[in-house]
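I have a structure I would like to understand better, so I am pasting it below and will then ask my questions one at a time.
The values are calculated or read from the model by the stated rules, or taken from the named source; none is laboratory data. The shown structure was predicted, so the numbers you read here are calculated from the model rather than taken from an experiment. Note: ideal-geometry Cβ built from the backbone for every residue, glycine included; neighbour counts use all protein chains shown.
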Amino acid sequence: MSAAEQMISRVHPWLDGKLKKLFINGEWVEGSTGRTFESRNPATGELLADVVEGSAEDIDRAVRAARAAFNGPWSKFKPYDRQEVLLRLCDLMDKHYDELSLLETLDMGGPISRTRSRKTSIIGMLRYYAGMATALHGEVVENSQPGHIFTYTSKEPVGVVGAITAWNGPINAVIWKLGPILATGCTAVFKPAEQAPLCALRIAELSVEAGIPPGVFNVVSGFGETAGAALSAHQDVDKIAFTGSHITGQHLIRASAGNIKRLSLELGGKSANIVFADADLDLAVPGSAMAAFSNTGQVCGAGTRLFVERKVHDQFVEKVAAYGKGLKVGNGQDPKTQIGPLVSQQQLERVTGYFAIGQNEGASVASGAERISEGDLSKGYFVSPTVFANVKDEMRIAQEEIFGPVVSVLPFDDIDEVIARGNTSQYGLGGGVWTQNLKKAHRIAKGLRSGSVWVNCWMTRDPAMPFGGYKMSGYGRESGIQHLEEFLNVKSVWMNVT
Ligand code: NAD
């Protein structure tokens, strides 16, 4: 082993200094172009692994493997068999979760305390869909035809799914899609985000150990414009399940036209978080701060437009700013870290760019708006949690998704006004309200045009509750029984028994 290989294997046992290849048909394979890219720790800049860069040819190879598995061994798996292997994968995830959470922290920077705390919910999601594998059914339908015609519907898997994911939660990005894909009997080619591909590769390896046949779950690492574009335009892919920006979502809509493939789009957000003066401020202050700062603000449903009733506006700004200043920013491997680095140099430039945009637009900085580069943090992409006050609805920092730990605070006076202003965003992913008044809570929940509304909490998720967008936050739902439907075709059968 070279010195570099030894260093990498000390950081993480699975990162043994070897090239991380493509995972196709249950095997580690070289890419067709011989090109690789680096995966580096955003907290330190350290090299974690060289990763094979998949090309259109590699995508084609993976799609062919997925099609062969779909028509072949996987089609022989009855619902109960699919449930069994999914449950075995849950057990393996459980056994290897510490290792996986460290891999996620190393690859995208998220605090280890956060990745560890999500164990139950992530594996719980997979267990939920394992259970659903034996709960799929069609319906017997009464009809009004003359004679005796028996009619029923059955649900069938859509086929080969291309899953293209973002980097902000590498473990959940796989699991949330994989659960329903496998429960319904589909097969998949995953194209994880180039910023953080390692967890997808490791989970694919575990899937074969769980007894999922080779070819059912393939992973082709690579870039969006090449591997991602090839997957989304592939004529033998039946559906694309996508998580990422609305700009890429628009590309995918165009690319899907070639074979009219199905699409589900989990896109960006600029969620309105509304605080009334009657809210329990002890709950609303930390809740609103973490709605925006959690995972360094790299959360699609982050509450980044914070509307505060004017009566409590100034004190609320002060308290959220103080809360942000009190958060420990650092390397995600430190269990005390609450805010890790941004994922990449590009993301750092984007977020610090908005620090300047906000100030140039006339907003005032209540806290943060700085890059942190002292001492141990000098090699990473760290910024301080940022609160902008005196923000106007039309400012870019109030309309554009920043995807960093930045919250824009806007005062309001009246409930109808705040609902109307909350709905001015092009996005409609999340929304929330903090109040002790039930009538206000219901009016906000009904009034906001968004896929989720949280009352006196933020970003809680459960396997049984659907999650997804309105407007430019996309369409389709993840979680819940609704997500299964995204991977099922409905067949109508007419049987003349006259
Ligand atoms: P992105 O759209 O740039 O990339 C996401 C994925 O798409 C990556 O795997 C990338 O390689 C791929 N891709 C890029 N261009 C492509 C193309 N032309 N064809 C096919 N694939 C392509 O998004 P990002 O900036 O990496 O991720 C952040 C975005 O994701 C934010 O907007 C965030 O809100 C969103 N997001 C949404 C959810 C949700 O559930 N709604 C969850 C997480 C992240």
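All but one of (1) under 21 Å from PRO197 (Cβ atoms); (2) crowded, with 22+ Cβ neighbours inside 10 Å hold for GLU99, so report the exception by its number.
Among (1) under 21 Å from PRO197 (Cβ atoms); (2) crowded, with 22+ Cβ neighbours inside 10 Å, GLU99 violates only (2).
Failed condition for LEU126, given (1) of a type in the set (A, V, I, L, M); (2) in contact with a strand residue (DSSP E or B) (Cβ under 7 Å, 6 or more places away or on another chain); (3) part of a helix (DSSP H, G or I), with all others met?
Among (1) of a type in the set (A, V, I, L, M); (2) in contact with a strand residue (DSSP E or B) (Cβ under 7 Å, 6 or more places away or on another chain); (3) part of a helix (DSSP H, G or I), the lone unmet condition for LEU126 is (2).
Can you work out which of the residues in region 252-291 that are under 19 Å from ASP393 (Cβ atoms) and not hydrophobic (A, V, I, L, M, F, W, C) is nearest to the ligand (Cβ to nearest atom)?
In this case the residue turns out to be GLY268.
Could you identify the single residue in ALA183, ALA166, ALA135, ALA130 that is in contact with an Asp or Glu (Cβ under 9 Å, 6 or more places away or on another chain) and farther than 30 Å from PRO341 by Cβ?
ALA130
Could you pull out the residue among GLY332, GLY353 that is in a loop (DSSP other than H, G, I, E, B) and either buried (at least 24 other Cβ atoms within 10 Å of the Cβ) or not assigned by TED's automatic domain parsing to the domain that holds ASP107 (or both)?
GLY332
Restricting the search to region 237-293, which residues are part of a loop (DSSP other than H, G, I, E, B) and within 19 Å of the chain's Cα centre (by Cα)?
Within region 237-293, GLY244, SER245, LEU267, GLY268, GLY269, LYS270, SER271 qualify.
From the residues in region 143-173 that are of a type in the set (S, T, N, Q) and surrounded by 20 or more Cβ atoms within 10 Å (Cβ to Cβ), which one is farthest from ALA241 (Cα to Cα)?
Applying the first criterion (of a type in the set (S, T, N, Q)) to region 143-173 yields 143-145, 151, 153-154, 165, 168, 172.
Those left that are additionally surrounded by 20 or more Cβ atoms within 10 Å (Cβ to Cβ): 165, 168, 172.
Values: THR165: 8, ASN168: 16, ASN172: 14 Å.
Result: ASN168.
Consider VAL418 carefully, then state whether it is surrounded by 22 or more Cβ atoms within 10 Å (Cβ to Cβ), among the aliphatic types (A, V, I, L, M), at pLDDT 95 or above and in a helix (DSSP H, G or I).
Against the criterion (surrounded by 22 or more Cβ atoms within 10 Å (Cβ to Cβ), among the aliphatic types (A, V, I, L, M), at pLDDT 95 or above and in a helix (DSSP H, G or I)), VAL418 qualifies.
In region 443-474, which residues are within 12 Å of the ligand (Cβ to nearest atom) and modelled with pLDDT under 95?
MET459, ARG461
Tell me whether region 204-224 contains one or more residues that are assigned to a loop (DSSP other than H, G, I, E, B), at positive phi and near the ligand (Cβ under 9 Å from one of its atoms). Explain how you work it out, then say what you get.
Kept after step one, since they are assigned to a loop (DSSP other than H, G, I, E, B), are these residues of region 204-224: 210-216, 220-223.
The next check asks that each one be at positive phi; those that pass are 211, 215, 222.
From the residues that got through so far, the ones that are near the ligand (Cβ under 9 Å from one of its atoms) too are 222.
Yes, region 204-224 contains at least one residue that is assigned to a loop (DSSP other than H, G, I, E, B), at positive phi and near the ligand (Cβ under 9 Å from one of its atoms).
Run down GLY358, GLY340, GLY380 and say which single residue is in the same structural domain as GLY297 (by TED's automatic domain parsing), under 21 Å from PRO286 (Cβ atoms) and surrounded by 21 or more Cβ atoms within 10 Å (Cβ to Cβ).
Working: GLY358 fails: under 21 Å from PRO286 (Cβ atoms); GLY380 fails: under 21 Å from PRO286 (Cβ atoms).
Every option except GLY340 fails the conditions.
Quick grid of which residues meet (1) touching a residue at least 24 places away in the same chain (Cβ under 8 Å); (2) of a type in the set (Val, Ile, Thr); (3) out of contact with any Gly (no Cβ under 8 Å at 6 or more places or on another chain); (4) over 27 Å from SER378 (Cβ atoms):
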residue	(1), (2), (3), (4)
VAL11	yes, yes, yes, no
LEU22	yes, no, no, yes
GLU46	yes, no, yes, no
GLU53	yes, no, no, yes
ARG64	yes, no, yes, yes
GLN83	yes, no, no, yes
LEU86	yes, no, no, yes
LYS95	no, no, yes, yes
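Could you identify the single residue in SER425, SER479, SER492 that is out of contact with any Leu (no Cβ under 9 Å at 6 or more places or on another chain), among the polar types (S, T, N, Q), surrounded by 15 or more Cβ atoms within 10 Å (Cβ to Cβ) and over 19 Å from ALA272 (Cβ atoms)?
Selected residue: SER479, the only one of SER425, SER479, SER492 that is out of contact with any Leu (no Cβ under 9 Å at 6 or more places or on another chain), among the polar types (S, T, N, Q), surrounded by 15 or more Cβ atoms within 10 Å (Cβ to Cβ) and over 19 Å from ALA272 (Cβ atoms).
Do you know which of the residues in region 41-59 that are charged (D, E, K, R) and surrounded by fewer than 18 Cβ atoms within 10 Å (Cβ to Cβ) is farthest from VAL237 (Cα to Cα)? Working first, answer last.
Here is the first cut: in region 41-59, the residues charged (D, E, K, R) are 46, 50, 53, 57-58.
Cutting the leftovers down to surrounded by fewer than 18 Cβ atoms within 10 Å (Cβ to Cβ) gives us 46, 50, 57.
Working: GLU46: 36, ASP50: 28, GLU57: 14 Å.
The qualifying residue farthest from VAL237 (Cα to Cα) is GLU46.
Determine whether GLU194 is acidic (Asp, Glu), surrounded by fewer than 23 Cβ atoms within 10 Å (Cβ to Cβ), more than 14 Å from the ligand (Cβ to nearest atom) and assigned by TED's automatic domain parsing to the domain that holds THR120.
No.
Of all residues in region 97-142, which are in contact with a Gly (Cβ under 7 Å, 6 or more places away or on another chain), more than 11 Å from PRO463 (Cβ to Cβ) and of a type in the set (Ser, Thr, Tyr)?
Listed by number, the list holds a single entry, THR105.
Okay, next question. Do we find a residue being polar (S, T, N, Q), over 19 Å from the mean Cα position of the chain (by Cα), outside any loop (DSSP other than H, G, I, E, B) and at negative phi anywhere in region 400-414? Full working, then the answer.
Kept after step one, since they are polar (S, T, N, Q), are these residues of region 400-414: 408.
Next cut, over 19 Å from the mean Cα position of the chain (by Cα) only: 408.
Within this subset, residues satisfying the condition of being outside any loop (DSSP other than H, G, I, E, B) are 408.
Going one step further and asking which of them are at negative phi, we end up with 408.
The answer is yes; a qualifying residue exists.
Still on this model: With respect to THR153, is the statement that it is touching a helix residue (DSSP H, G or I) at 6+ places or on another chain (Cβ under 7 Å), of a type in the set (Val, Ile, Thr), more than 16 Å from the ligand (Cβ to nearest atom) and under 30 Å from ARG64 (Cα atoms) true?
no
In this structure, does GLY26 turn out to be crowded, with 22+ Cβ neighbours inside 10 Å and touching a helix residue (DSSP H, G or I) at 6+ places or on another chain (Cβ under 7 Å)?
no
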